[in-house]
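Data block below; observations after.
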Amino acid sequence: MAVAISSDRATGMIPTAAAAHLRGTTRARAASAGRATPLARLRGTTRARAASAGRAAPLATCIRAARPGRPLLTDMRAGRAGRRNLATGMLRRGDRRPREGADAIDEAAARSIGSFTGQGLANTLWAYCVLGVDAPAFFAAAAEALPSHIDALSKDFAASSQLYQVFLYLQIESPHQRLLPVLAEHRQIWLDAFWNDSIRPSQSQLGVSHALNVLGWDHEDELRTEDGLSLDMAQPSTKTAVEFDGPTHYLQGPDGPSVDGRTAFKRRLLGRLGWTCAAVPYFEWDPLLASGATEPYLRGVLARLKSE
């Protein structure tokens, strides 16, 4: 399945968000160059120190390593960059406890709004919308800060695409936000970037499309809705769609794959816009190819569409 926005800059990468495990009374020193080390759990009363240089580490890794039962910010030693991107790391991780520390993150991010780049601002706004977490202080501060970044953002397609999704979300979920008219003033910039994102269907997706045609489910491939959202296989007349979800749309956990925040966000928007979607996960589809059981499986998918 193709999702309209997919950028490494939207995945919560932060510089130097790293630390080493401490063993007994001896401190392990964080690497000062080269690869960044995942944030370790704190041992005893000593604290892990962040690495001062090196490549960015995924914030999701840092959050996974935080000590269970502690507020997320307690173990975070990533400075402003970490606060700016904590929400993004939570959504990439598929976090089911977005309220933990949300108020503290909101206030800290709002206080440091002056240090945000345009891309960092777009990334954090997008992350909050994906999580569905209220951040009144940050959104109010962003309404004041965003105009000064318009020129830079107009050249950054990934960030502009994120801001279109923020605009669409606020229109649907929170039309009273002060940020909405600020985004609306430059809506065409955001929409152009979002609309121009390239979409390349996978061979597996094309196989699903062909099989649906054989079953008599006429549809359009790679349909764009009026709001710019992309659908893998869709019937505009019935506002129903089938989405093929490849590995990039899932997070791997102890209980198996789970849909990541980015994909869930898109489905939520589509639902609010009146679309009914059924997913075909790659881990269900691929084994069926060898057994030749794709037809009954897809009949079940279409039955779900009709019943929802």
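The values are calculated or read from the model by the stated rules, or taken from the named source; none is laboratory data. Note that this is a predicted model, so its numbers are computed, not measured. Counting neighbours? That spans all protein chains shown, and the Cβs are built from the backbone with ideal geometry, glycine included.
Can we say R178 is surrounded by fewer than 15 Cβ atoms within 10 Å (Cβ to Cβ), under 19 Å from K266 (Cα atoms) and outside the structural domain of G274 (by TED's automatic domain parsing)?
Against the criterion (surrounded by fewer than 15 Cβ atoms within 10 Å (Cβ to Cβ), under 19 Å from K266 (Cα atoms) and outside the structural domain of G274 (by TED's automatic domain parsing)), R178 does not qualify.
Let me confirm something: among S115, S160, which residue is of a type in the set (S, T, N, Q), touching a Leu at 6+ places or on another chain (Cβ under 6 Å) and not assigned by TED's automatic domain parsing to the domain that holds F283?
S160
Suppose we keep only residues that are in contact with a Ser or Thr (Cβ under 8 Å, 6 or more places away or on another chain) and not aliphatic (A, V, I, L, M) within segment 277-305. Which one would you say is farthest from R267 (Cα to Cα)?
The residue in question is D286.
Could you tell me which numbered condition A184 fails, if it satisfies all but one of (1) free of Cβ contacts under 8 Å to residues at least 12 places away in the same chain; (2) not in a loop (DSSP other than H, G, I, E, B)?
(1)
Starting from residues that are among the hydrophobic types (A, V, I, L, M, F, W, C) and surrounded by fewer than 18 Cβ atoms within 10 Å (Cβ to Cβ), keep the ones in segment 212-250 and report whichever is nearest to Y164 (Cα to Cα).
Per the stated criteria, the residue is L223.
Out of all the residues in segment 131-165, which are among the β-branched types (V, I, T), assigned to a helix (DSSP H, G or I) and over 12 Å from H186 (Cβ atoms)?
none
Please give the strands (runs of 3 or more DSSP E) falling wholly within segment 188-288 in which 1 or more residues are of a type in the set (V, I, T) and under 22 Å from the mean Cα position of the chain (by Cα).
240-245, 256-259, 276-281
Check whether at least one residue in segment 163-174 is touching a residue at least 12 places away in the same chain (Cβ under 8 Å), more than 24 Å from R111 (Cα to Cα), in the same structural domain as W275 (by TED's automatic domain parsing) and within 21 Å of the chain's Cα centre (by Cα), and report yes or no.
Scanning segment 163-174 turns up no residue that is touching a residue at least 12 places away in the same chain (Cβ under 8 Å), more than 24 Å from R111 (Cα to Cα), in the same structural domain as W275 (by TED's automatic domain parsing) and within 21 Å of the chain's Cα centre (by Cα).
Which of the residues spanning segment 280-301 are touching a residue at least 60 places away in the same chain (Cβ under 8 Å) and either outside the structural domain of E243 (by TED's automatic domain parsing) or crowded, with 17+ Cβ neighbours inside 10 Å (or both)?
V280, Y282, W285, T294, L298, listed by residue number.
Assigned by TED's automatic domain parsing to the domain that holds V301 and buried (at least 16 other Cβ atoms within 10 Å of the Cβ), is that true of W126?
The answer is no for W126.
Take V133 and tell me if it is surrounded by 22 or more Cβ atoms within 10 Å (Cβ to Cβ) and either in contact with an Asp or Glu (Cβ under 9 Å, 6 or more places away or on another chain) or hydrophobic (A, V, I, L, M, F, W, C) (or both).
Judged against the criteria, V133 is not a match.
For the subset of segment 187-201 comprising residues that are touching a helix residue (DSSP H, G or I) at 6+ places or on another chain (Cβ under 9 Å) and touching a residue at least 60 places away in the same chain (Cβ under 8 Å), which member is surrounded by the most Cβ atoms within 10 Å (Cβ to Cβ)?
Checked segment 187-201; the qualifying residue surrounded by the most Cβ atoms within 10 Å (Cβ to Cβ) is F194.
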